[in-house]
Each structure stands twice: as C-alpha cells, then as structure tokens.
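Structure record follows, encoded as structure tokens.
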Amino acid sequence: MNIIIAGGGKLGLTLVRQLSAEGHDLTVIDHNSSVLESTVERFDTMVTPGNCASMEVLLRAGIREADLLIAATAQDEVNLLCCMTAHGLNPQLHTIARIRTPEYTQQIMTMRDVFPLSMTVNPEKQAAMEIERLLKFPGFLRREAFAKGRAEIVELRIDSASKLRDLPLSDLGTVVKCRVLVCAVLRSGNAIAPSGNFILKEGDRVFVTAPTANLAILLKSLGIVTRKVRNVLLCGGGMVSYYLSSLLEDDQMSVRILEKDHDRCVTLAGLLAQATVIHGDCSAQATLDDQGLENMDAVVTLTGLDETNMVVSLYAGSRQVPQIITKLSRSENNALADTMALGSTISPMELCCNNIVRYVRAMQNQTGAAISVHTIADGQVEAVEFLVDETTRFCETPLRQIKLKPNVLISSITHGADTQVPNGNSVFVPGDTVVVVTSGRGVLHRINDIFA
C-alpha cells in the first residue's frame with residue numbers, strides 16, 4: 001500500500017519501523033530536515049520536507065496516489081487540517097489522525113460528517129486505559145485482552161522465589177491448578193516459542209494465555225499475594241496522568257499527582273475534582289519521601305523523560321512499593337529496561353501503533369482481517385485476534401489434524417461466552433474468536449494465512 005505519514009516524531013518513527021517491515025511504500029512529511037535525513041538513513045522510505053497541512057506539500061508527497069494518510073504531528077489542529085486537505089485532494093483516501101486534546105473528542109464524534117476521518121488515535125488515553133487495567137489486577141507485568149475481555153495474554157517475571165523457577169512446562173498444570181498456555185518466553189532478550197520439555201529459569205519473562213476467569217486462580221496458585229490498590233502516586237502531570245486520574249477517580253482510588261511545572265499543576269487542579277496535585281520534582285528523593293512513597297500501593301512514573309521514569313521507578317522498588325508501572329517513550333529503551341526492576345512498562349506509541357497496524361491490515365483484506373493486533377516480548381512476537389467465518393478453512397476440524405505455518409500457535413478459542421485454551425481435540429466454527437501467536441517474520445493479514 002501507498003501510505004503517507006505526516007510527522008516524523010516518536011509515533012511517526014514507530015509507524016515507519018513497523019509498516020516498512022511489512023513492505024508498504026512510505027512517504028514521511030516533516031518540516032525538520034534533520035528528522036527526514038535520519039529517517040532516510042534508517043528506513044527505506046521517501047521523504048517530503050514542509051508543512052503537512054499545505055496543499056502544495058501534500059501534492060509533492062503524492063497524495064493523489066496514496067491509499068492512506070496518517071497525521072501524527074504534535075498538534076491536533078494541524079492533524080485535522082492535514083486530513084481535511086488531503087481528503088479534498090483525494091476523496092478515496094483513508095485518513096487517521098492523532099487527536100490528544102480531550103475537548104476535541106466529542107466534537108469530532110458530533111461533527112463526523114465534517115471531519116473526513118477514518119479513525120482517530122490517542123496514545124495517551126490508550127496508555128491510561130492500559131495502566132488502569134494493570135492497577136485493577138495487580139500481580140501481572142502486562143495484560144493484553146482479547147475476545148471482548150474473555151481471554152488474555154499476561155506477562156510474569158520469574159524471580160528466585162517463583163514456583164515456576166526450574167519447572168518444565170510439561171509440569172505446569174500441577175503448579176498453576178488451571179488450564180493455561182505459555183505461548184512465549186523472553187530470555188536474555190530473545191523470544192522463544194517453548195515446547196513441553198522447555199525449563200523455565202530465573203529472570204525469564206513468561207507470556208501466558210488464559211481465560212480471564214482463570215487469572216485469579218493463576219495468581220493464587222503461584223503464591224503471588226496481591227492487595228487492592230487504594231493509594232496511587234503519579235509522577236508527572238502530562239496527558240497520561242490526566243486521563244488516568246479521571247479513570248482512577250471512578251475506581252475509588254486515591255490519586256496524588258507530582259508535577260514540577262506550577263502552571264500545569266494549576267491546570268490539573270482545575271480539571272480534576274478528586275486528585276491531589278502537588279507542585280514538586282519527582283526526581284528528588286526528599287520530595288518522594290515527603291509524599292509518603294513507602295505507604296503507596298502503586299507508583300506510576302509518567303514524566304516526559306524515560307531516564308527520569310526509570311530512576312524514580314528503581315527508587316520506588318527500593319522502598320518496597322508493591323506495584324510499579326513505568327512509561328517508556330523510546331522503543332530502544334526496552335532492552336535496557338529488561339535488565340532493571342521497573343515493574344510493568346508501558347509504551348503509548350507502541351499501543352497506538354498496534355491499532356493503526358490492525359487498520360492497515362484490514363484495509364488490505366476486508367474478509368477475515370484481524371480484529372486486534374498486539375505485540376509482546378519486546379516486539380518480537382505478535383498476538384493476533386481473528387473472527388472465524390464461512391470462508392475460514394478447517395472449520396470443525398480437530399486442531400491435531402491441522403498443519404499450521406512454522407512459529408504459529410493457536411493460543412485460545414472463544415465460542416460465545418466460553419473461552420478455552422485449546423488442545424488437540426479442540427475445533428473452531430464460524431462466529432468463534434481465535435487468538436494466534438506468531439514469532440515468524442511473515443505478516444498474518446487474515447486467518448487463513450496461519451495454515452501451512
């Protein structure tokens with residue numbers, strides 16, 4: 001497909017990396033020439049310098065021949081004008097805009113006939129929703145939901161005291177007391193698709209598929225003691241903190257926001273009725289101690305600097321805070337984060353990119369296209385959700401009789417309200433939801449791509 005990405009910032013580059021790997025023809029527009037030079041050096045893309053909302057620049061970028069425009073600049077107004085101008089030049093164009101301002105969300109819905117948007121994305125809001133899910137179910141480093149919340153892939157880290165340490169996967173059922181499937185293991189930075197004789201080791205990050213109803217059993221069986229989160233400290237007062245505070249207020253959690261910019265503190269205090277907003281520097285140890293860090297049930301580091309987030313999270317861990325969540329904006333920090341005790345890590349850009357990639361794949365093949373796409377194991381493994389329909393091959397055939405492509409695994413099947421971790425006798429029928437995990441290089445555009 002011919003895709004134009006307007007804006008070469010963090011989201012733009014994350015999209016370039018993912019979409020170029022899938023073989024799309026990309027053109028990046030940005031007013032910063034150094035950003036474009038760096039993009040050309042790292043990726044096989046075309047670039048166009050200039051203002052992406054300008055008709056002249058869009059024409060030079062080839063907007064009339066494009067299939068999709070993704071407006072990902074830092075300014076919502078520019079993104080909206082860019083999409084409107086582009087759609088006027090190419091009425092068949094699909095458009096996706098990043099919209100971060102809360103006031104615009106309802107406005108765009110109400111005036112959707114005016115704004116020619118195929119889709120809007122909000123990385124900060126998506127990150128807030130993911131963090132809320134982790135805070136409501138402490139004990140897991142990460143949770144990815146499928147089948148309308150009936151199935152999940154959760155991440156656990158094996159420490160020295162874990163019951164899973166030195167355990168062969170063939171004996172997993174005797175320990176966890178419920179039906180689960182280990183679909184991937186990240187060891188020393190490398191993703192592994194384990195077999196039954198694979199032995200789990202200390203330091204492994206394990207990705208487990210299970211029906212959502214089994215998650216509490218899984219935690220209890222592993223001796224992971226969790227308590228309900230009541231007091232949360234948010235370090236940094238950006239947009240993620242705003243969205244997250246709004247969600248946590250509805251969950252009856254007590255929220256404190258620590259922000260060093262005085263004007264931002266005043267703004268947040270006016271927007272959030274229940275949260276306590278404190279003017280202070282979260283990178284200062286004394287400030288954290290003054291806010292009762294040791295008594296917090298959870299600390300979420302949400303500043304604009306990955307380095308600050310990592311340092312504050314490490315300090316929170318040293319003070320025995322039960323749950324720590326760290327926001328990382330740059331994907332290159334994932335490998336570094338894997339060597340540190342940062343608790344759960346969240347990347348707003350990667351969450352947003354997953355949604356856009358799902359849309360792009362659906363554009364390529366409307367029939368049998370993915371419902372959702374999630375990357376796990378530091379981006380080395382994909383979990384893709386498909387809806388089975390009448391065109392799907394091997395319906396009602398036991399899985400033991402189906403040959404899948406290499407490095408492809410069916411990790412769950414949902415039939416109505418029933419979700420199961422499949423075995424050799426399991427079958428799928430039209431209407432079922434199937435979650436597939438793949439560590440291969442090929443892209444799964446539709447469900448029939450999984451079969452050999």
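Somewhere in the stretch 368-378, is a residue modelled with pLDDT of 90 or more, touching a Leu at 6+ places or on another chain (Cβ under 8 Å) and closer than 20 Å to residue 144 by Cβ? No, every residue in the stretch 368-378 fails to be modelled with pLDDT of 90 or more, touching a Leu at 6+ places or on another chain (Cβ under 8 Å) and closer than 20 Å to residue 144 by Cβ. Screening the candidates 416, 431 for the property of being at positive phi and either charged (D, E, K, R) or at pLDDT 90 or above (or both) yields one hit, 431. For residue 315, the criteria (1) modelled with pLDDT under 85; (2) of a type in the set (Ser, Thr, Tyr); (3) out of contact with any strand residue (DSSP E or B) (no Cβ under 6 Å at 6 or more places or on another chain) hold in every case but one, which is (1). Of all the residues in the stretch 399-422, those that are more than 19 Å from residue 146 (Cα to Cα), touching a residue at least 12 places away in the same chain (Cβ under 8 Å) and not aliphatic (A, V, I, L, M) number 5. Number of residues in the stretch 162-175 that are over 27 Å from the mean Cα position of the chain (by Cα) and either part of a loop (DSSP other than H, G, I, E, B) or of a type in the set (Phe, Trp, Tyr) (or both) equals 4. What's the total number of residues in the stretch 28-66 that are in contact with a strand residue (DSSP E or B) (Cβ under 9 Å, 6 or more places away or on another chain), at pLDDT below 95 and assigned to a helix (DSSP H, G or I)? Looking only at that region, the number is 6. Test residue 154 against the stated conditions and say whether it is crowded, with 21+ Cβ neighbours inside 10 Å and either of a type in the set (Val, Ile, Thr) or outside the structural domain of residue 436 (by TED's automatic domain parsing) (or both). Yes. How many residues are assigned to a strand (DSSP E or B) and either acidic (Asp, Glu) or buried (at least 22 other Cβ atoms within 10 Å of the Cβ) (or both) when one looks only at the stretch 419-435? Adding up the residues that qualify gives 4.
Only a single item in (1) of a type outside the set (Gly, Ala, Ser); (2) assigned to a loop (DSSP other than H, G, I, E, B); (3) touching a strand residue (DSSP E or B) at 6+ places or on another chain (Cβ under 8 Å); (4) over 29 Å from residue 415 (Cβ atoms) is not met by residue 178, and it is number (4). Kindly indicate whether any position in the stretch 375-398 is within 18 Å of residue 130 (Cβ to Cβ), free of Cβ contacts under 8 Å to residues at least 40 places away in the same chain and among the hydrophobic types (A, V, I, L, M, F, W, C). Scanning the stretch 375-398 turns up no residue that is within 18 Å of residue 130 (Cβ to Cβ), free of Cβ contacts under 8 Å to residues at least 40 places away in the same chain and among the hydrophobic types (A, V, I, L, M, F, W, C). In the condition set (1) over 28 Å from residue 414 (Cα atoms); (2) in a loop (DSSP other than H, G, I, E, B), residue 224 is compliant with all but (1). All conditions but one from (1) out of contact with any Lys or Arg (no Cβ under 8 Å at 6 or more places or on another chain); (2) closer than 19 Å to residue 80 by Cβ apply to residue 34; the one that does not is (2). Residue count for the stretch 188-218 satisfying the condition of being assigned to a strand (DSSP E or B), within 15 Å of residue 380 (Cα to Cα) and out of contact with any Cys (no Cβ under 7 Å at 6 or more places or on another chain): 5. When residue 342 is tested against (1) touching a helix residue (DSSP H, G or I) at 6+ places or on another chain (Cβ under 7 Å); (2) over 30 Å from residue 302 (Cβ atoms); (3) without any contact (Cβ under 8 Å) to a residue 60 or more places away in the chain, only condition (2) is not met. So is residue 71 more than 30 Å from residue 239 (Cα to Cα), touching a Ser or Thr at 6+ places or on another chain (Cβ under 8 Å) and crowded, with 19+ Cβ neighbours inside 10 Å or not? Judged against the criteria, residue 71 is not a match.
The values are calculated or read from the model by the stated rules, or taken from the named source; none is laboratory data. If you're wondering where the values come from, they're calculated on a predicted model, not measured in any experiment. Positions of Cβ are backbone-derived with ideal geometry, glycine not excepted, and every protein chain shown enters the neighbour counts.
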